[in-house]
Amino acid sequence: MPAFFRHHLLHVSAFALLMALVPFMVTSRYYLNLFIFIGIHTLLTLGLNLLMGYAGQISLGHAAFFGLGAYTSGILTVTYHVSPWPAMGAAVLVTIMVALVIGVPTLKLTGYYLGMATLGFGIIVNICFRELSGITGGPSGLVGIPPLSLGGVVLDEPRYVYYLIWGVTLGALAVSLNIVDSRVGRALRAIHDSEVAARASGVDTARLKIWVFVVSAAYASLAGSLYAHFVTFISPSSFGFMFSVKLVTMVVVGGMASVWGAVFGAATLTALPEVLAAFHDYEILIFGFILMVVMIFLPQGLTRGFLDLAERWRFYRRGIPAAKV
Amino acid sequence: MVSDRVLLETESLSKSFGGVHAVQEVSFSVRQGQIKGIIGPNGAGKTTLFNLITGVYRPDRGSIRFDGERCAGLAPHQMAERGIARTFQNVELFERMSVLENVMVGRHPRTRAGFISAAFRLGGARGEERLIREKALEILGFVGIVDKAEWVSSALPFGLQRVLEIARALATEPRLLLLDEPASGLNAVETRDLGRLLGRIRDRGITVLLVEHDMSLTMEICDEILVMDYGRRLAEGTPREIQRHPQVIAAYLGEELVA
Amino acid sequence: MDLISELTQYLISGLTSGAIYAIIALGFTIIYNATEVINFAQGEFVMLGGMVMIAVDATGRFPLPVSFILAVSSVTLVGVVFQRLAIQPVRRPSAITLIIITVGASIFLRGVAMLVWGKDPLGLRPFSGVSPIAVGGATLTPQSLWVLSVSVVVMAGLQFFYKHTITGKAMRACAFSRRAARLVGISVDRMVLISFALSAAMGAVAGIVVAPITLCGYDVGTMLGLKGFCAAVLGGLGSSPGSILGGFLLGILEALGAGLISSGFKDAIAFLILLVVLFLRPSGLFGPREVKRV
């Protein structure tokens with residue numbers, strides 16, 4: 001057992017076991033696909049949560065990194081016949097490069113400016129997906145992306161894809177938990193609470209913000225590649241502003257600065273539109289409503305807000321004022 | 001205990017914002033082992049001077065030497081690495097973190113674990129994490145709030161928030177500690193405790209530079225005082241000299257203190 | 001068409017859309033000056049203006065000016081309700097919280113519009129005539145003239161309001177220092193409310209006058225809002241003349257870019273400008289350089 005799993009061993013392995021059983025309990029292809037999407041969205045939310053929930057840096061263009069992963073994988077495999085795994089690695093590298101180039105100037109901005117800059121970046125990337133039709137297939141998208149294969153087995157069965165995607169997501173979950181509880185994680189939270197104090201305490205905030213931006217972009221890129229190889233067809237509309245907002249909603253519902261909350265947020269907001277048949281037309285209305293209500297009343301996010309209340313109660317009984325966050 | 005060795009030295013340090021000359025041609029020095037005070041009316045440029053020394057602002061002109069090394073223009077975290085720590089006038093805690101975690105952040109410049117080793121919890125990072133915790137607890141013990149280690153920092157009473165901020169600064173193992181109005185908002189008992197704490201900090205070999213409005217505290221604990229007015233250095237000397245300095249009396253102290 | 005008349009044509013369309021961007025940018029500026037909030041839902045006021053106008057006009061019961069007044073006042077009401085329900089109750093307003101709330105409001109309003117008016121964009125009849133007017137070698141539609149003249153009226157009206165009315169002066173005082181304004185007895189809370197009302201009204205006006213040219217659908221708000229913000233930043237956030245100049249500059253650059261480079265990338269131009277300005281000179285062309293105090 002590698003050391004990095006040991007830390008949250010119990011929680012992560014219990015969760016992994018639970019998720020491993022899902023394909024035995026869920027036989028319908030439709031619901032298995034739903035669980036696969038939950039896995040992809042969880043991976044995305046985990047990354048965005050590190051950036052937004054922990055470091056307090058908003059990104060309204062995160063769909064762009066998801067798209068960069070998907071498109072790089074798609075283009076390399078479809079147009080250049082690169083095999084999927086190396087293509088996926090290349091996609092992560094490309095995304096990291098883009099994240100660095102855009103992150104270095106962007107993360108110097110704060111507050112509203114950062115929000116607008118990431119939003120603008122997201123829209124530019126989306127326009128590129130749509131307009132560079134020679135490379136990306138334009139508005140109609142890219143078809144025929146091959147599925148991944150592992151040890152000679154082509155992963156075109158939802159059951160296989162399910163295990164692959166959740167395997168990656170659980171790994172990312174463990175990594176997130178480790179980062180959050182480390183020297184670096186503390187420094188990230190410190191930036192969120194008071195950037196001047198973090199700097200005075202010796203934290204190179206500029207560098208750390210770029211690091212977490214890149215890590216969260218890499219998560220998104222990985223999710224994008226997995227998505228592309230799973231659905232085998234991608235088009236620009238999956239990577240637009242609305243998707244970025246959905247990701248933010250997942251983080252907000254999950255609770256800013258809670259790794260397990262990110263899983264909850266992604267699961268709830270992925271399942272909800274599918275479970276409620278009539279949801280579809282109301283989807284953006286409900287997402288918008290959730291964002292407003294949660295942020296007005298529980299700015300720490302839904303689960304975080306409840307967790308805080310619960311912990312406050314626990315600490316209150318032990319005579320310690322307020323909760324350890 | 002005060003040595004002749006100059007730890008911090010500024011020369012003709014100047015900074016303006018728009019047309020306002022916040023700090024003008026300020027030259028002064030702090031010797032190793034001193035407790036030095038900076039006083040002056042509001043808007044005299046004291047906090048700006050702190051922000052220049054700690055790298056928050058880049059000076060327009062002039063130089064800063066810390067332990068012989070030129071360091072004007074370095075970033076705040078680089079100053080912390082070199083051994084300058086500070087507190088803030090309006091307490092800046094990481095308010096959603098526990099008291100212990102606040103101090104643990106202060107260990108940042110003395111520890112190394114990066115993203116990768118943290119992500120995979122490699123051996124070195126785990127050992128370091130344990131040391132960070134031990135050291136932080138020791139410092140909380142030193143300032144006397146170790147029993148509140150688990151409290152969320154914003155739940156501390158204000159006086160202890162100031163103490164916690166000092167603890168966090170101490171965690172960076174500074175050679176020079178800058179305190180921006182540490183006694184403001186404290187009651188008489190808390191102020192007396194603060195004075196004692198500062199003495200004990202000096203006994204640890206840490207040089208202290210503080211901006212303070214509480215005259216009795218400043219006069220009591222400081223070895224030397226720098227008086228500022230309108231961004232300039234007005235006078236510098238021992239508390240006795242300052243109390244007798246005619247310009248200082250005229251500009252700032254008023255009659256009551258002389259009497 | 002020769003190059004000169006082609007350029008004239010771009011200039012005309014640039015000025016037309018620039019006027020719209022300028023009004024939207026002013027909307028951002030009004031709220032920002034009163035509250036230091038950037039309202040990410042600003043574009044939805046524009047969309048709502050257009051949609052309500054189209055809906056009211058479609059009833060066929062009112063002449064255009066009456067529909068215009070009805071549309072502007074209902075969007076103003078939305079702005080007031082929005083401020084009272086979504087902005088005022090926020091206990092610890094931080095930038096990230098307010099960004100998320102206003103983004104939430106933005107897509108919420110979009111969702112409502114989609115439910116009420118459907119997904120297809122709708123058109124509005126031009127205010128007067130359709131026969132184009134020849135200008136040099138280029139043509140100018142009467143509706144473009146409407147856009148330009150209405151925007152001039154709005155801008156002049158806003159200047160008059162700021163310079164010559166008590167409320168306007170009070171709002172300027174708030175922009176300088178809310179604390180000082182409060183000390184001299186100005187109700188800052190009321191000024192904030194007025195700023196949202198005014199900003200919503202101006203957004204609505206922009207949406208209405210542009211609807212006959214571009215069609216209006218539930219999803220046009222985001223893009224228009226962002227471009228308005230881009231104009232505001234280009235001119236220097238918080239500066240009214242800056243917003244106006246920024247708006248026209250953006251409109252012209254966009255029209256030239258779309259005409260001479262590629263129309264597909266037209267929308268990307270605004271954001272490229274936005275990023276460049278934010279990276280190189282966040283205070284914009286006319287704004288004061290910000291001084292950060294600790």
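The values are calculated or read from the model by the stated rules, or taken from the named source; none is laboratory data. These numbers were taken from a predicted model, which means no experiment stands behind them. Quick reminder, even Gly has a Cβ in these numbers, built from the backbone with ideal geometry, and neighbours come from all protein chains shown. Surface areas here come from the heavy atoms of the whole protein model, side chains and all, with no ligands, DNA or RNA. Shrake-Rupley method; radii C 1.70, N 1.55, O 1.52, S 1.80 Å.
If we keep just the residues of the stretch C:79-97 that are at the interface with another protein chain (Cβ under 7 Å from one of its Cβ atoms) and of a type outside the set (D, E, K, R), which is farthest from residue A:60 (Cα to Cα)?
C:89
State the number of residues belonging to the stretch B:8-32 that are over 14 Å from the mean Cα position of the chain (by Cα) and either open to solvent by less than 10 Å² (accessible area, probe 1.4 Å) or away from chain C (no Cβ under 14 Å) (or both).
15
The rows are residues; the columns are (1) buried (at least 23 other Cβ atoms within 10 Å of the Cβ); (2) within 7 Å of another protein chain (Cβ to nearest Cβ); (3) within 17 Å of the chain's Cα centre (by Cα).
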site	(1), (2), (3)
A:178	yes, yes, yes
A:190	yes, yes, no
A:199	yes, yes, no
A:206	no, no, no
A:217	yes, no, yes
A:225	yes, no, yes
A:229	yes, no, no
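For the stretch B:198-212, name all the residues that are open to solvent by less than 10 Å² (accessible area, probe 1.4 Å) and not charged (D, E, K, R).
From the stretch B:198-212, those open to solvent by less than 10 Å² (accessible area, probe 1.4 Å) are B:198, B:201, B:207-212; that's our starting set.
The answer is B:198, B:201, B:207, B:208, B:209, B:210, B:211.
Go through the stretch B:75-100 and give me each residue that's open to solvent by 10 Å² or more (accessible area, probe 1.4 Å) and touching a Phe, Trp or Tyr at 6+ places or on another chain (Cβ under 7 Å).
Matches in the stretch B:75-100: B:82, B:86.
Return yes or no: is residue C:275 more than 10 Å from chain A (Cβ to nearest Cβ), hydrophobic (A, V, I, L, M, F, W, C), touching a Phe, Trp or Tyr at 6+ places or on another chain (Cβ under 9 Å) and in a helix (DSSP H, G or I)?
Criteria not met by residue C:275.
Out of all the residues in the stretch A:241-288, which are of a type in the set (Gly, Ala, Ser) and either at the interface with another protein chain (Cβ under 10 Å from one of its Cβ atoms) or part of a helix (DSSP H, G or I) (or both)?
Those that are of a type in the set (Gly, Ala, Ser) and either at the interface with another protein chain (Cβ under 10 Å from one of its Cβ atoms) or part of a helix (DSSP H, G or I) (or both): A:244, A:254, A:257, A:261, A:262, A:265, A:266, A:267, A:271, A:288.
Residue-wise test of (1) more than 9 Å from chain C (Cβ to nearest Cβ); (2) free of Cβ contacts under 8 Å to residues at least 24 places away in the same chain; (3) more than 20 Å from the chain's Cα centre (by Cα).
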position	(1), (2), (3)
A:149	yes, no, yes
A:154	yes, yes, yes
A:166	yes, no, no
A:169	yes, no, no
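Specify which of the listed residues (A:114, A:109, A:119) is at the interface with chain C (Cβ under 10 Å from one of its Cβ atoms) and not in a helix (DSSP H, G or I).
A:109
Output the residue which, of all residues in the stretch B:71-112 that are part of a helix (DSSP H, G or I) and small (Gly, Ala, Ser), is nearest to the chain's Cα centre (by Cα).
For the stretch B:71-112, the residue satisfying everything is B:80.
Kindly provide the set of residues from the stretch C:98-122 that are more than 11 Å from residue A:284 (Cα to Cα) and within 7 Å of another protein chain (Cβ to nearest Cβ), ordered by number.
C:99, C:100, C:101, C:103
The conditions are (1) within 11 Å of another protein chain (Cβ to nearest Cβ); (2) in contact (Cβ under 8 Å) with a residue 60 or more places away in the chain; (3) in contact with a Lys or Arg (Cβ under 8 Å, 6 or more places away or on another chain), and residue A:158 fails exactly one of them. Which is it?
(1)
Within the stretch A:122-145, count every residue that is at positive phi and within 11 Å of another protein chain (Cβ to nearest Cβ).
Residues of the stretch A:122-145 that are at positive phi, as a first pass: A:137-138, A:141, A:144.
Add one more test, that the residue is within 11 Å of another protein chain (Cβ to nearest Cβ), and what stays is A:138.
Total meeting the criteria: 1.
Only one of (1) open to solvent by less than 40 Å² (accessible area, probe 1.4 Å); (2) under 30 Å from residue C:96 (Cα atoms) is not met by residue A:104, so which one is it?
The single condition residue A:104 does not satisfy is (1).
Collect the residues in the stretch A:289-298 that are at the interface with chain C (Cβ under 7 Å from one of its Cβ atoms) and free of Cβ contacts under 8 Å to residues at least 40 places away in the same chain, keeping them in residue-number order.
The answer is A:289, A:292, A:296.
What residue, among those in the stretch C:231-265 that are within 11 Å of chain A (Cβ to nearest Cβ) and in contact with a Phe, Trp or Tyr (Cβ under 7 Å, 6 or more places away or on another chain), is farthest from residue C:203 (Cα to Cα)?
C:237
Quick check on the stretch C:92-102. Is at least one of its residues more than 22 Å from the chain's Cα centre (by Cα), touching a residue at least 12 places away in the same chain (Cβ under 8 Å) and outside any helix (DSSP H, G or I)?
Yes, the conditions are met somewhere in the stretch C:92-102.
Condition check: of a type outside the set (Lys, Arg), over 17 Å from the mean Cα position of the chain (by Cα) and either open to solvent by less than 40 Å² (accessible area, probe 1.4 Å) or away from chain A (no Cβ under 11 Å) (or both). Does residue C:71 satisfy that?
no
Looking at the stretch B:113-127, can you tell me whether even one residue there is part of a helix (DSSP H, G or I), within 11 Å of chain A (Cβ to nearest Cβ) and under 27 Å from the mean Cα position of the chain (by Cα)?
Scanning the stretch B:113-127 turns up no residue that is part of a helix (DSSP H, G or I), within 11 Å of chain A (Cβ to nearest Cβ) and under 27 Å from the mean Cα position of the chain (by Cα).
Being open to solvent by 60 Å² or more (accessible area, probe 1.4 Å), in a helix (DSSP H, G or I), more than 23 Å from residue C:265 (Cα to Cα) and modelled with pLDDT of 90 or more: is that true of residue A:92 here?
Working: open to solvent by 60 Å² or more (accessible area, probe 1.4 Å): no; in a helix (DSSP H, G or I): yes; more than 23 Å from residue C:265 (Cα to Cα): yes; modelled with pLDDT of 90 or more: yes.
Criteria not met by residue A:92.
Do we have residue A:59 as more than 22 Å from residue C:265 (Cα to Cα), part of a loop (DSSP other than H, G, I, E, B) and in contact with a Ser or Thr (Cβ under 7 Å, 6 or more places away or on another chain) here? Don't jump to the end; show me each part of the working.
Numbers: more than 22 Å from residue C:265 (Cα to Cα): yes; part of a loop (DSSP other than H, G, I, E, B): yes; in contact with a Ser or Thr (Cβ under 7 Å, 6 or more places away or on another chain): yes.
So residue A:59 passes the test.
Within the stretch A:63-81, does at least one residue satisfy the condition of being outside any loop (DSSP other than H, G, I, E, B) and either basic (Lys, Arg) or within 12 Å of chain C (Cβ to nearest Cβ) (or both)?
There is at least one residue in the stretch A:63-81 that is outside any loop (DSSP other than H, G, I, E, B) and either basic (Lys, Arg) or within 12 Å of chain C (Cβ to nearest Cβ) (or both).
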